[in-house]
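Undergrad: Encoded as structure tokens, here's the structure I'll be asking about.
The values are calculated or read from the model by the stated rules, or taken from the named source; none is laboratory data. Not measured: the values here are computed from a predicted model. Cβ: placed from backbone, ideal geometry, glycine included. Neighbour counts: every protein chain shown. To get the accessible areas, we keep the full protein, side chains included, count just its heavy atoms, and leave off ligands, DNA and RNA. Shrake-Rupley method; radii C 1.70, N 1.55, O 1.52, S 1.80 Å.
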Amino acid sequence: MRQARLLALLILAAGLAACSPKEQAKERLTVYTAAEADQLPAYAEAFARAHPEIELVWVRDSTGIVTAKLLAEKKAPQADVVFALAATSMMLLEDEGLLDTYMPKQAARIDPRFRDPRRPAHWTGEDLWSAAVCVNTVEAAKRGLPIPASWEDLTKPIYRRAITMPDPASSGTGYLAVSSWLQIFGEEKGWQFMDALNKNVTEYAHSGSRPCKDAARGETPIGISIDFRAAQMKDQGYPIAVVVPSEGVGWDLEATALVAGSPHAQAGKRFVDWAFSDEAMRLYARNFPVVGASQFTRQIPNLPDHYDQRLAKIDLTWMAKNRDRIVKAWTARYGSSQTQ
């Protein structure tokens, strides 16, 4: 009897040892993200190869929606990690005590401007994205519209009812555009610029990518959008001219952090470390002209060389501190106008 029982235990132990990682219970990690939907599959596949013991549950939406969701869940957090969310949103979450302190293992090689300036650090940026202008050259020619060269050009009467852009209340790209205009021109002239621009805008879209997609499909001649989406649409053969306005473009960082109080903190740290690995950096460099570890930065087709030099002088801390004020003021001025 004892030999039979011992044999059974040995068989059970051998069976457990033979189980593949997929057959064993995986730890579930909930990741809130504002990353573009078409970029997520590559991230998910790469992470699964590196950490088959962790099952990722993605919750994706635009920057404003993800930020609002995290704030609403403050007393009962549902996320374990926040990935690819604007650094300006991370600063707001940090102020509310929603983020845990953690620096990825590869933090030393990350450009200082991509790091949380506070100590201890709560978030780290993996890549940089900026605003750009998509112009459908076919539709522009039909309407006799010249290709704009500057932000100021877009306020000219010739562009009446020819422009779409993201809504800063929901879109990170919309907010970085609006807040950068206030920094580039100064607040008084910045609002004057937007008053004039509003006369030419037909729609304020929920998504930062959509204005460029709409321009590519010919639904609007001009879309203020995201740099990488503009480059991608042109690369796919759409009749798009990519304009990086002469005054410079606003920008923000995609950043990653642990959510405070997560019961899966150790798995979360593995995710954060992976997010700054060589493999992850190579994935970011497929789309973004500037990434956190500069040795992985490469030229993005259809974007200007030396893209770093086209970025406006932007204060991310100011953008974070003034977000509520700016969004409320923008909404009061233009939120219900949608078109003139």
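Undergrad: Of the residues R282, R270, R325, which single one is in contact with a His (Cβ under 7 Å, 6 or more places away or on another chain) and at pLDDT 95 or above?
TA: Just a single option satisfies the conditions, and that option is R270.
Undergrad: OK, next. Inside the range 49-150, counting only strands (runs of 3 or more DSSP E) that do not spill past its ends, which hold 1 or more residues that are open to solvent by 50 Å² or more (accessible area, probe 1.4 Å) and acidic (D, E)? Steps first, please.
TA: Details: elements: 54-60, 81-86, 123-136.
It comes to 54-60.
Undergrad: For the range 319-333: of the residues being closer than 17 Å to Q183 by Cβ and among the aliphatic types (A, V, I, L, M), which is surrounded by the most Cβ atoms within 10 Å (Cβ to Cβ)?
TA: M319
Undergrad: In the range 232-257, which residue that is of a type in the set (S, T, N, Q) and closer than 19 Å to P41 by Cβ is surrounded by the most Cβ atoms within 10 Å (Cβ to Cβ)?
TA: T256
Undergrad: Taking the condition open to solvent by less than 50 Å² (accessible area, probe 1.4 Å), modelled with pLDDT under 95 and either of a type in the set (F, W, Y) or within 30 Å of R323 (Cβ to Cβ) (or both), does S20 pass?
TA: No, not satisfied.
Undergrad: Going through the range 28-41 one residue at a time, which ones are surrounded by 15 or more Cβ atoms within 10 Å (Cβ to Cβ), more than 11 Å from the chain's Cα centre (by Cα) and not hydroxyl-bearing (S, T, Y)?
TA: Selection gives L29, V31, L40.
Undergrad: Let me ask another. Looking for whichever is buried (at least 20 other Cβ atoms within 10 Å of the Cβ), touching a Leu at 6+ places or on another chain (Cβ under 9 Å) and farther than 24 Å from P41 by Cβ here; the options are L311, L316. Which one fits?
TA: Just one listed residue meets the conditions, L316.
Let's see how each residue does on (1) more than 25 Å from A241 (Cα to Cα); (2) touching a Lys or Arg at 6+ places or on another chain (Cβ under 9 Å); (3) part of a helix (DSSP H, G or I):
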{"residue": "A280", "(1), (2), (3)": "yes, no, yes"}
{"residue": "R286", "(1), (2), (3)": "no, yes, no"}
{"residue": "Q299", "(1), (2), (3)": "no, no, no"}
{"residue": "T317", "(1), (2), (3)": "yes, no, yes"}
{"residue": "A320", "(1), (2), (3)": "yes, no, yes"}
{"residue": "A329", "(1), (2), (3)": "yes, no, yes"}
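Undergrad: Hey, does the range 258-270 have a residue that's in contact with a helix residue (DSSP H, G or I) (Cβ under 7 Å, 6 or more places away or on another chain) and either assigned to a strand (DSSP E or B) or under 22 Å from A149 (Cα atoms) (or both)?
TA: Of all residues in the range 258-270, those in contact with a helix residue (DSSP H, G or I) (Cβ under 7 Å, 6 or more places away or on another chain) come to 258, 262.
Now restrict to residues that are either assigned to a strand (DSSP E or B) or under 22 Å from A149 (Cα atoms) (or both): 258.
Among the residues of the range 258-270, at least one is in contact with a helix residue (DSSP H, G or I) (Cβ under 7 Å, 6 or more places away or on another chain) and either assigned to a strand (DSSP E or B) or under 22 Å from A149 (Cα atoms) (or both), which makes the answer yes.
Undergrad: Let me spell it out: the conditions are (1) in contact with a strand residue (DSSP E or B) (Cβ under 9 Å, 6 or more places away or on another chain); (2) over 19 Å from T63 (Cα atoms); (3) not aliphatic (A, V, I, L, M), and Y204 meets all of them except one. Which number is the exception?
TA: For Y204, the failing item is (2).
Undergrad: Between a residue in the range 240-257 that is at positive phi and any residue that is surrounded by fewer than 24 Cβ atoms within 10 Å (Cβ to Cβ) and among the aliphatic types (A, V, I, L, M), which pairs come within a Cβ distance under 7 Å, given they are 6 or more apart or on different chains?
TA: Partner pairs satisfying both residue conditions: G248/I184; G248/L311; G248/A312.
Undergrad: Filtering the range 258-308 down to residues that are among the aromatic types (F, W, Y) and under 19 Å from A108 (Cα atoms), which residue is most open to solvent (accessible area, probe 1.4 Å)? Lay out the reasoning, then the answer.
TA: Of the residues in the range 258-308, the ones among the aromatic types (F, W, Y) are 271, 274, 276, 284, 288, 296, 307.
From the residues that got through so far, the ones that are under 19 Å from A108 (Cα atoms) too are 271, 274, 276, 284, 296.
On the way: F271: 1, W274: 11, F276: 0, Y284: 1, F296: 34 Å².
Ranking the candidates gives F296 first.
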